[in-house]
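Student: Below are the structure tokens for one structure; questions will follow.
No lab work stands behind these numbers, since they all come straight from the coordinates. As the structure is a prediction and not an experimental result, all values here were calculated from the model. So basically every Cβ, Gly included, is an ideal-geometry build from the backbone, and we count neighbours across all protein chains shown.
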Amino acid sequence: MASLNVGNLGEYLREQRRQAQLSLRQLADAAGVSNPYLSQIERGLRKPSADILQQLAKALRISAETLYVQAGILDERDRDEVETRAVILADPSINERQKQVLLQVYESFRKENALDAPAAPDAPDAPAAPDVPEGPADEMPSKTNRT
């Protein structure tokens, strides 16, 4: 009955728990869930709610969004953005204000590139035509002004 996403979530959680060097019991205590319930999540038998995922993420000190993607709550297309955001948020070498500023810059670049993407096929043709006449047109009035 468990979906593939739930199994992937369980494997991912287990790996994160091991990297954090936490036992199943320690993570369950830190996240405020029962040991058997966490075990079932790791084995892919249970699909936790977004609230439980958030508690687990906090206990593991990772991004909740990353767990949401693993659980299938967030769209797979957003995975790269989520992972980038998670890396920024997890970076211990920058403070919280710097993280927020970096995320704002990142988001503005994504929006800018998304706006440019549909216009990209037309862009090479459109600027080429105006660029050619602009040079001679600018020179001609200056020549007439000199005489």
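Student: Sort 24-35, 83-94 by the packing proxy (mean of other Cβ within 10 Å over each peptide's residues), most packed first.
Tutor: Final packing ranking: 24-35, 83-94.
Student: OK, next. For the stretch 3-104, rounded, prolate or oblate, judged on the Cα gyration tensor with a ≥ b ≥ c (square roots of eigenvalues), a/c < 1.5 rounded, else prolate if a/b > b/c? Don't skip to the answer; put the middle values down first.
Tutor: Working: a/c = 2.34, a/b = 1.44, b/c = 1.63.
It is oblate, given that a/c is not under 1.5 and a/b is not larger than b/c.
Student: Still on this structure, I have one more. Which of the peptides 103-112, 37-46 is most tightly packed, and how do the rest follow, going by the mean number of other Cβ atoms within 10 Å of each residue? Spell out each step's value before the answer.
Tutor: On the way: 103-112: 11.3, 37-46: 18.0.
My ranking of the peptides, most packed first, is 37-46, 103-112.
Student: At a threshold of 8 angstrom on Cα-Cα distance, excluding pairs fewer than six apart, so keeping six or more, what relative contact order does the stretch 44-99 reach in percent?
Tutor: 27 percent
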